[in-house]
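Single-structure report; data block below.
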2 protein chains.
Amino acid sequence: MPPADHPRGTAPEEPGPGLDVVHQLRAVTVELDLLAADFARRNGLHPTDLRALIQLLDAARSGTAVTPGRLGAALGLNSAGTTSLIDRLERLGHVRRLRDPHDGRRVLLEVDERATALGRSFFGPLIDHVVGEVETMPPAELAAVRRFLAHVRTGIEEHREQG
Amino acid sequence: MPPADHPRGTAPEEPGPGLDVVHQLRAVTVELDLLAADFARRNGLHPTDLRALIQLLDAARSGTAVTPGRLGAALGLNSAGTTSLIDRLERLGHVRRLRDPHDGRRVLLEVDERATALGRSFFGPLIDHVVGEVETMPPAELAAVRRFLAHVRTGIEEHREQG
DNA sequence: CGAATTTCTCTCGCTGAGCGAGATAGTATC
DNA sequence: GATACTATCTCGCTCAGCGAGAGAAATTCG
């Protein structure tokens, strides 16, 4: 989030622990974005492609079937953009298109090993880093972090709904 | 980060508190990105423009002068892309170009009120939400959250440096 | 059942963000 | 004052993503 210089309107804008945490959080997301963009470039992907892979891997992990429609919606793309996104991923061998046998209009997206490997090569070390940290934390502190992150997420969701 | 299905290679991949926190963190960043993209669209901006405004506002807040070069580097754009980014922001009245009096090659970017207002209108409620939460937290828990976020950042930075 | 409607994906043509290459103008070094 | 360097901008191009709409399969309804 951007700085909030003048105490005007909505929040107590004095530099304090709250704002500081907000800044840290924003920095984390900005840096993760940059990291993802770098990685995508190095692997001949676009940032959107990487986000798509994340969605696909998450879905595969939770056993959910993914169709172009769902994927496009999750990424905020329209159908034309979604088609060309999937074309790219298919061309690179990360994804295969299969007709849904139960609904002939649908296409099911199947993730290739190579996509999982790519995802792991990117996020693996980072995951290790964070998991390592988490494992040294006292349970009470860990619980606090989780509550905090959950709270942030609900805040974001409320914010999005109001549009 | 994407899921890590098989315990292979780098990390203890069993579903556990560590991975769970990683997933929460990833979800936060994904949702923040989507929120930012929505907001950008509604305000006739591109996601990059919003990221640029965040950088500019941060710099203004900390009293740092921003030039096209710095901004482009912070966003991972080349000079041509940076120029057209600033053209867009200038056209929308968020930014003005001023020649640096001390170094005639440089351009200094001055942020307009309208940009600050825009930033606040976007992030304000979210900041309030998080700050509100932070203020109810016992100091020990708050400290844990800050340490955690700091740790994540250093992890990301190390990760980026190795390229 | 067959027609109308809806749902899902893809095609076509276009806009514009961002890239590579290089021009230009100002600064530092000798 | 020539040379090297730095910061920004210009030009031409590629391609991600959009709007509009076509086509095919499913659903609803007379």
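Derivation of every value follows stated rules applied to the coordinates shown; laboratory data play no part. None of the values given here were measured: they were computed from a predicted structure. Every residue, glycine among them, receives a Cβ derived from its backbone with ideal geometry; neighbour counts consider all protein chains shown.
Things to note:
- Förster radius 30 Å - calculated FRET efficiency between A:ASP87 and B:ASP87, Cβ distance, rounded to 0.05: 0.45
- Computed FRET value (nearest 0.05) for B:ASP112 with A:ALA80, which takes r as the C-beta separation and R₀ as 45 Å: 0.80
- Largest mean-square fluctuation among A:ILE54, A:ILE86, A:ILE127, in a Gaussian network model of chain A whose springs join Cα atoms under 10 Å apart, belongs to A:ILE127.
- Simple label model, 7 Å out from Cα along Cβ direction - A:LEU34 to A:ALA143, nm: 3.7
- Anisotropy class of chain B from Cα gyration tensor, a/c 1.5 cut: prolate
- Gyration tensor verdict on region B:45-111 (Cα atoms; rounded if a/c is under 1.5, prolate if a/b is larger than b/c, oblate otherwise): rounded
- Rounded to 0.05, the FRET efficiency of the B:ARG97 and B:ARG41 pair, given R0 = 30 Å and the Cβ-Cβ distance, is 0.70.
- In region B:45-111, Cα pairs under 8 Å separated by at least six residues give a relative contact order of 31 percent.
- Distances in nm from B:PRO101 to the matching label points in the other copies, shortest first (labels 7 Å along Cα to Cβ): 7.7
- Distances between equivalent label points of A:SER79 across the copies, with each point positioned 7 Å along Cα→Cβ, amount to 4.5 nm, shortest listed first.
- Fluctuation leader among B:VAL22, B:VAL66, B:VAL107 - chain B, Gaussian network, Cα springs under 10 angstrom: B:VAL22
- Average other protein chain Cβ within 10 Å of Cβ, residues A:51-60: 3
- Summary for A:GLU113: label point 7 Å along Cα→Cβ; distances to the equivalent points in the other copies, ascending, 6.3 nm.
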